[in-house]
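Enquirer: Here it is, the structure in full.
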Amino acid sequence: MYKTHAAAAALLFVMNPASAWAQQASDDEELSEITVNATRVVNDSPASSYATLATALRFDPLTELQSRGLAEGQSDVSVRGGLFENTGFKVGAVTVMDPQTGHYVAELPVDPALLSVPAIFKGIDSAVEGFNSAIATVSYAIGRLEDRGYVSLGAGSDDLNFQTLRFSRTTTNASGNDLGVAVSLSRSEGDGSVRFGDHEFMRANLQLQHAGVDSQTDLIVSYQDKFFGWPGAYTGFATLPEIDDTQTTLLLANHRRESGDGWIEVGGYYRRLVDDYDFNRSNVESGTPGSFEHETRVLGVGFQGLQRVGRVSWRYGGQVSSDELVRSTDLTNGLFTTRTYATLSVVPSIETTLAGGSRVLWRAGATVDYSNRDANAVSPLLGVTLSRTDAGGSTDYSLEYAATSQVPGYTALNSNPTGLFGGNPLLGREKAKQLSASVLRDTGDWQMRATLFSRRDDKLVDWTYSTGAPFARQANAVDIDVIGLEAFFVRSWESIDLALGYTVLDKDADYGSTQVDASFYALNFAKHRATLAFAYRFAHGFELRLDNEYRSQEDNPLRVGDDTAYLASVALVWSPPGESGFGAALVVDNATDSTYQPFPGTPASGRQIGLSVSYIW
């Protein structure tokens, strides 16, 4: 039975000034649900490694980040009660996907300092912005380069040491355009907060840029070699010392041009990921079934744009990707190893003015999804926003309906039907239908937003547990009704920044005739989640930063320990007085040493302490 769901849109931002290395692109996009111009958390550097794209999402009120060990090792990202494969990661005009498994979609080997603060798109905006991501899209703009340099050395608990070096140089050519180059190198290694929780990471980035007054063209070449160990990482059996070793190569090109009537952005990418996973590091195998060795390649091109014609603004976006499961020791039971995907969204809007001066923005459009291996889909998009302005500020009331779809990855489709990870080659297109209502109040001194949403997920791919097969998990389709409320409040003073967020979720799942005793993902969610981000500049150059989260999790029989948890990250930061000089940071992650398990059965990461010193020039 289809239930009506409700939720409120929790957007915590305004905490940290945006990085000097990447400025958020100006958003003249009339259709954006909300404009995000600053970070929504205060600690964007971890205590356990160098920063990755996952770091700034740990306490983000708009995203649910579930990590295996340290967040920079491996993390799943979900939004509004969706699954890890339902969230896409986008750089510029293209969503960079992983066809093997959604566990690796956040494995973008790009230094976050080269990118903007992430915008979290949902509903209609995600349908236009995203690709093969039914619930949400985490979107990054590419920053404009400046003449800067940065070096950082760090050490911490559990024999941790990490280093980062980045610099960029620009010059102006005869045409008045800027030519720039940036290089970023990072490495990290440590023993981890639990036995067999060690890691060794290395990342290298090269960026070339051509920037004019109204255009910017970028080429980014990235490589990352990541080894991490964690007991029970994917199986949930803490007695298994699992390891995951990945090498990710990314080549991405992007061009954006602004005009008086709108903007257009086009991009393309090549991504190769080589993965060697072992559920028991003491019995490492190679080249045979059970070795879990895989290689995937993806090519993709995409475009985004806004064009104003008279009173109508045409918002559009599309992408075509082709992937290949090049080789695999275990993903050999499916119907195909190559696939071509495509999506096209067009959403025109028109604004009308009422007698009292209020404005109404009407939106209506559709998304067309195509795959040469799956059923195709046409999904409607409808929305209306009423905006009112008074002496105290502005208020927006929005109502929207968005239908979206995606197809599952090769791990779910091509794994052996029985065994450690049971697949199903007959899994088909997943669909989500969401109705949401929101109110946004902005007074200039403070901002508040609340969103109620109701979503129906059809044929969602989940991994489940049955007591009849205790040493295996199975890919199964599930229909879920989700009810949610998201809310946020944010305010800044001269020396204090404060952001509060709250999310409540309820789910009603139907697995049909499949015997399911527990869910590793779809029913592993927080019924209540509250976040608080706090920054206090208590002396010249000194800042205290606190990220906090309280969660009450849905009961799961596989979880060991409590279903409630309080998590915190604390940092004391000393910054140089100007744009150059020495700085230092003392960061403590999981300050309460919580043993809460983000994944049922997988041990939590313990308290970690990191101290770094840096020099900026």
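The values are calculated or read from the model by the stated rules, or taken from the named source; none is laboratory data. What you see is a predicted model; the values in this text were computed from it and never measured. Because the Cβ atoms are built from the backbone with ideal geometry, glycine has one as well, and the counts that use them run over all protein chains shown.
Enquirer: Can you name every residue in the stretch 321-365 that is free of Cβ contacts under 8 Å to residues at least 24 places away in the same chain, in contact with an Asp or Glu (Cβ under 9 Å, 6 or more places away or on another chain) and of a type in the set (Val, Ile, Thr)?
Expert: Matches in the stretch 321-365: Thr338 only.
Enquirer: Now for a different question. Which residue is farthest from the chain's Cα centre (by Cα), if the candidates are limited to the stretch 129-152 and must be over 16 Å from Gly92 (Cα atoms) and surrounded by fewer than 21 Cβ atoms within 10 Å (Cβ to Cβ)?
Expert: Among them, the one singled out is Asp147.
Enquirer: To continue, here is another question. Is it the case that some residue within the stretch 574-583 is in contact with a strand residue (DSSP E or B) (Cβ under 8 Å, 6 or more places away or on another chain), surrounded by 15 or more Cβ atoms within 10 Å (Cβ to Cβ) and outside any loop (DSSP other than H, G, I, E, B)?
Expert: yes
Enquirer: Same structure again: Taking the options Ile135, Ile124, name whichever one is in contact with a helix residue (DSSP H, G or I) (Cβ under 6 Å, 6 or more places away or on another chain) and not small (Gly, Ala, Ser).
Expert: Working: Ile124 fails: in contact with a helix residue (DSSP H, G or I) (Cβ under 6 Å, 6 or more places away or on another chain).
Answer to the selection: Ile135.
Enquirer: Looking at Ala54, is it among the small types (Gly, Ala, Ser) and either in contact with an Asp or Glu (Cβ under 7 Å, 6 or more places away or on another chain) or free of Cβ contacts under 8 Å to residues at least 24 places away in the same chain (or both)? Show your work before the answer.
Expert: On the way: among the small types (Gly, Ala, Ser): yes; either in contact with an Asp or Glu (Cβ under 7 Å, 6 or more places away or on another chain) or free of Cβ contacts under 8 Å to residues at least 24 places away in the same chain (or both): yes.
Considered against the rule, which asks whether it is among the small types (Gly, Ala, Ser) and either in contact with an Asp or Glu (Cβ under 7 Å, 6 or more places away or on another chain) or free of Cβ contacts under 8 Å to residues at least 24 places away in the same chain (or both), Ala54 comes out as yes.
Enquirer: Are any of the residues in the stretch 526-549 over 30 Å from Trp574 (Cα atoms), of a type in the set (A, V, I, L, M, F, W, C) and at pLDDT 95 or above? Step through it out loud before you land on a result.
Expert: Residues of the stretch 526-549 that are over 30 Å from Trp574 (Cα atoms), as a first pass: 526-529.
Still in the list and also of a type in the set (A, V, I, L, M, F, W, C): 526.
Now narrow it down to the ones that are at pLDDT 95 or above: 526.
Within the stretch 526-549, one or more residues are over 30 Å from Trp574 (Cα atoms), of a type in the set (A, V, I, L, M, F, W, C) and at pLDDT 95 or above.
Enquirer: Okay, moving on. I'm trying to understand the selection: among the residues of the stretch 51-76, which are in a loop (DSSP other than H, G, I, E, B), among the aliphatic types (A, V, I, L, M) and under 23 Å from Leu153 (Cα atoms)?
Expert: From the stretch 51-76, those in a loop (DSSP other than H, G, I, E, B) are 51-54, 58-63, 68-74; that's our starting set.
Okay, now just the ones that are also among the aliphatic types (A, V, I, L, M), so 51, 53-54, 62, 70-71.
Of everything in the stretch 51-76, those that are in a loop (DSSP other than H, G, I, E, B), among the aliphatic types (A, V, I, L, M) and under 23 Å from Leu153 (Cα atoms) turn out to be Ala51, Leu53, Ala54, Leu70, Ala71.
Enquirer: Quickly run through the stretch 282-316 and pick out the residues that are more than 23 Å from the chain's Cα centre (by Cα), surrounded by 14 or more Cβ atoms within 10 Å (Cβ to Cβ) and either outside any strand (DSSP E or B) or acidic (Asp, Glu) (or both).
Expert: Result: Glu285, Gly290, Ser291, Phe292, Glu293.
Enquirer: State which residue is nearest to Asn414 (Cα to Cα) when the search covers only the stretch 317-337 and only residues that are more than 22 Å from the chain's Cα centre (by Cα) and among the charged types (D, E, K, R).
Expert: Asp330
Enquirer: Taking the stretch 287-317 on its own, how many of its residues are charged (D, E, K, R), touching a Gly at 6+ places or on another chain (Cβ under 9 Å) and within 20 Å of Gly102 (Cα to Cα)? Spell out the reasoning first.
Expert: Pass one, the stretch 287-317, residues charged (D, E, K, R): 293, 295, 297, 308, 311, 315.
Still in the running and touching a Gly at 6+ places or on another chain (Cβ under 9 Å): 293, 308, 315.
Imposing the further condition that a residue be within 20 Å of Gly102 (Cα to Cα) reduces the set to 293.
Residues meeting the conditions: 1.
Enquirer: Scan the stretch 279-308 residue by residue and report those that are of a type in the set (Val, Ile, Thr) and either touching a helix residue (DSSP H, G or I) at 6+ places or on another chain (Cβ under 8 Å) or closer than 30 Å to Glu242 by Cα (or both).
Expert: Val284, Thr288, Thr296, Val298
Enquirer: I would also like to ask the following. May I ask you to say which residue of Arg339, Arg327 is assigned to a strand (DSSP E or B), modelled with pLDDT of 95 or more and crowded, with 16+ Cβ neighbours inside 10 Å?
Expert: Working: Arg327 fails: crowded, with 16+ Cβ neighbours inside 10 Å.
Going through Arg339, Arg327 in turn, the sole match is Arg339.
Enquirer: Does the stretch 573-587 contain at least one residue that is closer than 24 Å to Ala509 by Cα and among the polar types (S, T, N, Q)?
Expert: Initially, the stretch 573-587 is screened for residues closer than 24 Å to Ala509 by Cα, giving none.
No, every residue in the stretch 573-587 fails to be closer than 24 Å to Ala509 by Cα and among the polar types (S, T, N, Q).
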